[in-house]
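A.B. asks: First the structure, which I've put down as structure tokens, then a few questions once you've had a look.
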Amino acid sequence: MPYAGAPLEAARPYVWRVRVEDAAGPAHDWSAPARFVTALASAADWGEARWIGYEDMPERERLVPGVHGLLDASVRPKPKRPVVPLLRRVFTVRQPVARPCSS
């Protein structure tokens, strides 16, 4: 059955669970709760945030992992060297983590 509730908000965690019902008998028990967080769906959701260095890259080299997928040369010429910067920083967590990524 498709979701028929209120529209989901951007960047918000949601918890869901399911229960199977069929013609063979009573409904089964509810599943364990699962969690997901919705994405930032529109430019307005990002506020003042900007891609780091993205605007300075030539248009034909602007690739976003998971969005552009395999490049179809008939639709968009394949760049000489697609640039997807790796940004990282080492840091030490000095207090307990409020919410682990896996929960």
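The values are calculated or read from the model by the stated rules, or taken from the named source; none is laboratory data. Everything quoted here is computed from the prediction, not taken from an experiment. Note: ideal-geometry Cβ built from the backbone for every residue, glycine included; neighbour counts use all protein chains shown. Side chains included, ligands, DNA and RNA excluded: accessible areas come from the protein's heavy atoms. Shrake-Rupley method; radii C 1.70, N 1.55, O 1.52, S 1.80 Å.
A.B. asks: Simple spin-label model, 7 Å along Cα-to-Cβ: Arg19 to Tyr3 in nm?
C.D. replies: For Arg19 paired with Tyr3, the spin-label model returns 2.0 nm.
A.B. asks: Work out the FRET efficiency for Ala44 and Arg94 from their Cβ-Cβ distance, taking R0 = 30 Å, and round it to the nearest 0.05. Before the final figure, lay out the partial values.
C.D. replies: Details: r = 34 Å, r/R0 = 1.14.
E between Ala44 and Arg94, to the nearest 0.05, is 0.30.
A.B. asks: If DNA, RNA and ligands are ignored and the probe is 1.4 Å, what is the ranking of Tyr3, Tyr14 by accessible area, most exposed first?
C.D. replies: Numbers: Tyr3 155, Tyr14 35 Å².
From most exposed to least exposed: Tyr3, Tyr14.
A.B. asks: Got a sec? What order do Asp29, Asp22 fall in by accessible area at 1.4 Å, biggest, i.e. largest, first?
C.D. replies: So the residues, ranked largest to smallest area, are Asp29, Asp22.
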